[in-house]
1. Just how many % of Cα pairs in the stretch 3-69 lie over 16 Å apart, if you round to the nearest whole percent?
2. Within 10 Å, at most 11 other Cβ atoms, and a DSSP state outside H, G, I, E, B define an exposed site. Report the longest part of the chain free of exposed GluC sites (Glu not before Pro).
3. Given just the C-alpha atoms of the stretch 131-269, how large is their convex hull per residue in cubic angstrom?
4. State, in angstrom, two size descriptors of the stretch 232-367 derived from its alpha carbons: Rg to one decimal place and Dmax to the nearest whole number.
5. What share of the DSSP beta bridges in the stretch 131-269 is antiparallel, in percent to the nearest 5?
6. Please report I18, I396 as a ranked list, fewest other C-beta atoms within 10 angstrom at the top and most at the bottom.
7. Taking the beta-carbon count within 10 Å as an exposure proxy, list C418, C243, C359 from fewest neighbours to most.
8. Apply the Karplus curve 6.51 cos²θ - 1.76 cosθ + 1.60, θ = phi - 60°, to the phi angles in the stretch 252-267 and return the couplings in whole Hz, x for Gly and Pro.
Amino acid sequence: MTLQKLFITDIADSGAGIAWRQAAGRSVRVFVPGGLPGDVLEARLMPGPAGSHSLSARPERFLQRSPSRREKPFCPQACVCGGCPLAALSYPAQLDFKRRRLAELFRDIVPEGLIRPVLGLEPGERPVRNKALLHFAGRSEALSVGLYAPGSHRVLDQTARCPQCPAWMGETALAVAQAGAKLGLGAWDERRLEGALRALLMRDAGEGGRLAALVTGEKLSAQALSRIREAMRSAGVTSASVCVNSEPGNAPLRGEMTPILGDGSVRVSLCGLGFRVRPETFLQVNPLQTPRLYDLALSLAQIRPQDRVLDLYCGVGTLTLLAARQAREAFGVEIVRASVEEAERNAEANGIRSARFACGPAAGILPEIARAGFSPRIVIADPPRKGLEAGVAEAISALRPEKVVYIACGPGALARDCRRFAQLGYRVSALCPVDLFPETLHVETVALMSRVEGK
Ligand SMILES: C[S@@+](CC[C@H](N)C(=O)[O-])C[C@H]1O[C@@H](n2cnc3c(N)ncnc32)[C@H](O)[C@@H]1O
């Protein structure tokens with residue numbers, strides 16, 4: 001393990017700094033955890049991941065600190081939990097980094113001039129999240145709760161309280177763990193497929209309530225549920241459910257949710273409308289930036305009163321209902337049944353009659369929409385990170401919308417899908433990044449695509 005002077009020039013997807021080193025006449029990439037572009041440091045070189053030509057390095061001493069390095073990282077636990085890999089980088093440098101990343105990904109399809117600056121937090125605003133998903137570990141004598149370590153299922157101590165989340169979430173998690181320990185309950189063991197406490201999802205809806213959903217590996221007694229409910233209530237939870245999931249896998253929120261406090265839902269206000277959400281329905285996690293994201297998407301869509309709008313991957317109908325307020329009709333498509341139920345309920349509760357919803361995969365519903373003669377001038381699509389399923393871009397273009405407003409949390413999949421749309425006669429006319437996930441490497445992006453005349 002030799003000591004080397006390294007100049008950090010970039011950040012990898014893992015959050016580690018990247019430096020380059022000349023060896024045997026070629027450039028070798030060196031990953032340096034904790035390094036930021038502009039840092040110069042001495043580090044011990046180690047072999048990189050098996051089968052790769054790259055190296056890793058452990059920093060020993062800073063020779064020069066990056067001018068973009070914060071005096072104090074946003075969170076002292078950031079490098080432990082791995083959730084905020086950019087926490088040591090100043091906020092303007094984070095936004096600049098995200099825009100450069102996007103420009104690289106779209107170099108061959110979108111001229112630099114069409115990429116807007118990242119829409120970031122306003123001065124003085126702090127990063128906030130309305131959702132936490134924590135896991136339990138250990139036997140009842142040593143029960144702990146917190147986040148998983150990066151790339152593993154090892155629960156990290158001291159991570160139940162996240163500075164981005166409202167304080168009641170950490171209090172609730174610790175109170176549930178304490179109640180569980182007193183009841184003699186241990187954590188779910190995913191190797192043996194046994195144990196009681198598995199995961200805890202929490203959502204904050206501000207004045208609309210505080211939601212908790214406990215996932216257990218086995219059915220709990222009425223007495224245990226009553227103690228856990230009291231622990232949640234005293235920590236500030238207003239609505240709670242439990243579900244039993246003893247199946248292996250990475251998605252703990254499976255199984256029927258049974259309310260144990262309130263009706264198991266909360267109501268979120270967004271852009272002047274109210275939306276009921278449940279543990280199993282989707283909701284954007286950043287309460288400050290989500291209304292800005294939606295306003296941006298709608299301003300790009302330029303909806304006219306006579307327009308029909310199709311909103312694919314619509315969740316609980318947030319954008320569908322916001323679009324329906326401006327359009328003649330809006331149609332939302334979503335695969336999760338609970339979300340469609342809430343979307344219909346949300347339309348009614350907001351007095352919106354011009355919205356309809358269908359439940360199913362976008363690829364399956366689009367041909368039905370075409371057969372029914374629904375011809376939207378605007379299609380909004382907000383798919384999961386992996387982007388559009390096979391055939392969806394083709395099915396959208398078969399409806400011949402003038403505009404496609406594509407909202408993406410996975411910029412790589414967005415670039416792939418924009419290339420597909422280009423072959424189908426659509427050109428990107430604006431690419432607008434939004435910082436929905438401050439302190440992380442993620443960036444949300446809204447692409448406006450317009451049909452090229454004559455295509
Ligand atoms: C990124 S979320 C967007 C939700 C909504 N636009 C919002 O802002 O709240 C993606 C949604 O797509 C849904 N979904 C995932 N795969 C789908 C598919 N194949 N067809 C339709 N919806 C799908 C998910 O359940 C989720 O609600």
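1. Numbers: 849 of 2211 pairs.
Of the Cα pairs, 38 percent sit more than 16 Å apart.
2. Details: sites that count: E71, E256, E453.
Longest site-free region, per DSSP loop and neighbour criteria: 257-452.
3. On the way: hull volume 14.5 nm³, N = 139.
Convex hull of Cα atoms, per residue: 104 Å³.
4. 16.2, 50
5. Working: 20 of 27 bridges.
Taking every DSSP beta bridge within the stretch 131-269, about 75 percent pair in antiparallel fashion.
6. Numbers: I18 18, I396 28.
So the ranking, lowest neighbour count to highest, is I18, I396.
7. Values: C418 25, C243 21, C359 17.
Fewest-to-most ranking of C418, C243, C359: C359, C243, C418.
8. x, 7, 10, x, 6, 8, 10, x, 10, 8, x, 9, x, 9, 9, 10
No value in this document is a laboratory result; all are computed from the given coordinates. Just so it is clear, the structure is predicted and the values come from calculations on it, not from any experiment. Backbone-built Cβ (ideal geometry, glycine too); neighbour counts: all protein chains shown.
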